[in-house]
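To keep things clear, I will list the structure first and then write my remarks on it.
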C-alpha cells in the first residue's frame, strides 16, 4: 500500500510525466485523456519547437534587396550585392511580429541595433567579404518570447560567371523562453 501511495505522490509531483493523465507524442504536444472520474480533462498547451530555415544564393553585382529567407510570422531577410561584391542585409518585419529589439553584429565589421516595428524594415551594416553577420530579433513581451537568430555568411565571387556575391543564411526561430523581470 505504501508503494502505491509513493508512486501516486510521485505522479502528482510530475503531472503528465507517464502518469496516465496526458500523453505526449514526443514533439511537445499533449493529448486529452480521461481522469479517474471518467471525465475528459483539458490538455496542456503545446510548446512550440524551434524551427530552422536556411537558404543560399549567388547575386549579380547591383542586385538590390532580394528575399533570401522568409520566416512565417517573423519577417523576411533581404540581401543586396553592390558592384564591388560587398553584401548588405535588411530585415522586413511581418505584420504579425510585435515590436522587437534587433541587434546586428558583423565579425570584423560594424554593428547596429534598434527597434523593429511590424511591417517596417531595419537595415544592417555591410558584411565584410568574406564575413559573417548575426541578427538577433526578440519581441517585447513579458513572457513566451520566441527569439530569432539569423546567421549570414557572405563572400565576394569573381569567377567569370557574372555573379559578384555568394550569400548563405540560416535562421532559428526558437521555442518560447521566460523573461525574468525584477
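The one condition from (1) modelled with pLDDT under 90; (2) within 22 Å of the chain's Cα centre (by Cα); (3) buried (at least 17 other Cβ atoms within 10 Å of the Cβ) that residue 122 does not meet is (1). Restrict the check to region 104-112 and report whether at least one residue is closer than 30 Å to residue 160 by Cβ, surrounded by fewer than 16 Cβ atoms within 10 Å (Cβ to Cβ) and in contact (Cβ under 8 Å) with a residue 60 or more places away in the chain. Taking every residue of region 104-112 in turn, none turns out to be closer than 30 Å to residue 160 by Cβ, surrounded by fewer than 16 Cβ atoms within 10 Å (Cβ to Cβ) and in contact (Cβ under 8 Å) with a residue 60 or more places away in the chain.
Residues considered: 143, 70, 98. Of these, the only one that is touching a strand residue (DSSP E or B) at 6+ places or on another chain (Cβ under 7 Å), assigned by TED's automatic domain parsing to the domain that holds residue 163 and at pLDDT 95 or above is 70.
When residue 85 is tested against the conditions (1) under 23 Å from residue 164 (Cα atoms); (2) surrounded by 15 or more Cβ atoms within 10 Å (Cβ to Cβ); (3) at pLDDT 95 or above, the lone failure is (3).
The values are calculated or read from the model by the stated rules, or taken from the named source; none is laboratory data. Source: prediction; values computed, not measured. All Cβ positions, even for glycine, are placed from backbone atoms using ideal geometry, and neighbour counts span all protein chains on display.
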